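Please read the structure below before turning to the comments.
The values are calculated or read from the model by the stated rules, or taken from the named source; none is laboratory data. In this text, all values refer to a predicted model and were calculated from it rather than measured experimentally. Positions of Cβ are generated from backbone atoms using ideal geometry, with glycine treated the same way; all protein chains shown enter the neighbour counts. What goes into the accessible areas is simple: the full protein's heavy atoms, side chains included, and nothing from ligands, DNA or RNA. Shrake-Rupley method; radii C 1.70, N 1.55, O 1.52, S 1.80 Å.
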Amino acid sequence: MKTLYVSDLDGTLLRSDETISEYTIQVINELVEKGMIFSYATARSFHTAHKVTQGFHAKIPLIVYNGTMIKDNLTKEIIVSNFFDESIDHLITDLINHEIYPIVYSIMNNEEKFSYIEDKCSQGTIDFIHSRKNDIRSHPVEHIEDLYRGNKFYITCIDKKEKLEPIYTKYKNVLHCIYQKDFYSKEQWLEFLPNNASKSNAVQQLKEYLGCDKVVVFGDGKNDIDMFEQADECYAVENAVDELKCIATQIIGHHNDNAVAKWLKENYK
């Protein structure tokens, strides 16, 4: 039986300082050399995920943008992608009418970009953009109409809870929304994905792509719930949200204590 092991990154495989310990890298690399099929599913882009996972020898495709895309880890080729249709422009208009200026991710001229109007953005959004300094995907624009350009696949809003919560309530049963606080900054985030994009769908697609029979997953946040619900086994780290712990096969150690690597070392056959 071939088993696919998939871990979330932030709050699960990554420590609080956004790094992966040498111990975790060593354990996972050794198990991969022995034949373990290991990947990760993250809200991060391939670009930022690749930075924080330097040292891993994973050669299989990786799930990014909460399942919106699956990318080949070696060639960077997009294997699976999900895009919004034109109706998403109504959401962007609604956000702007409520003085919420989003970051809009899209493909423009075959290049991945994220667009934003910096002088209109919230402080939380500006802080996020500055944390991505020198990112080749960064695409500052001056006019609202520029946010509508490209083949859009992800929308991120970072703002005050009292501004975002009514929008979440309005769209949560219409669009695929993720509403939670950022693990590091503790800022309130509201993210929108195409309805057919999710970690669980991407994990199942990857399972079929690799010819695996079983899926074992690890996570900590609300955006891992759908992945947990579809997996054969699911393990929540000690620092996970209660909603995830309630549906987990088992609660393992803390993400700052190499919990995933320790579990894999003990249980991988």
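Observations
- Kirkwood hydrodynamic radius of the chain, Cα pairs, Å: 19.0 Å
- Shape annotation for region 117-171: C-alpha extents along the principal axes are 33, 25, 19 Å, from largest to smallest.
- Surface per residue (accessible, 1.4 Å probe) for the chain, Å²: 47 Å²
- Whole-number D in µm² s⁻¹ for region 84-202, Kirkwood Cα-pair radius fed into Stokes-Einstein, 4 °C, 1.567 mPa s: 89 µm²/s
- Under the Karplus curve 6.51 cos²θ - 1.76 cosθ + 1.60, θ = phi - 60°, whole-Hz ³J(HN,Hα) for region 115-126, x wherever Gly or Pro sits: 9, 6, 9, 4, 6, 10, 6, 5, 4, x, 5, 4
- Amide H to amide H distances under 5 Å link Leu175 with no residue, where only residues 5 or more positions off or on other chains count and H is placed in the peptide plane.
- Nearby aspartates and glutamates by direct alpha-carbon distance to Lys2 (threshold 12 angstrom, same-chain neighbours under 8 apart not counted): Glu208, Asp213
- Computed magnitude of the charge dipole of region 74-202 (debye, nearest 20; Cβ of K, R +1, Cβ of D, E -1): 480 debye
- Shape of region 176-247, Cα gyration tensor, a/c cut at 1.5: oblate
- Counted by Cβ distance under 13 Å from Asp135, the other residues give a net charge of +4, where Lys and Arg count +1 and Asp and Glu count -1.
- Around the Cα centre of the chain, unit charges on the Cβ atoms of Lys, Arg, Asp and Glu (plus for the first two, minus for the last two) sum to a dipole of about 520 debye.
- Under a 5 Å amide H cut-off, with hydrogens placed 1.01 Å from N, Cys234 pairs with Val217, Thr249, Gln250 among residues at least 5 apart or on other chains.
- Apportionment of accessible area to carbon and sulfur, region 1-134, percent (1.4 Å): 45 percent
- Put the Cα centre of region 138-169 next to the Cα centre of region 62-97 and the gap is 13 Å.
- A viscosity of 0.692 mPa s and a temperature of 37 °C, combined with the Kirkwood radius over C-alpha pairs in the Stokes-Einstein formula, give region 29-123 a diffusion coefficient of 211 µm²/s.
- DSSP beta bridges in the chain [antiparallel fraction, %, rounded to 5]: 60 percent
- Measuring against 26 Å, Cα to Cα, the residue pairs Lys59/Lys265; Lys222/Lys269; Lys51/Lys120 contain Lys222/Lys269; Lys51/Lys120 as the ones spanning a longer distance.
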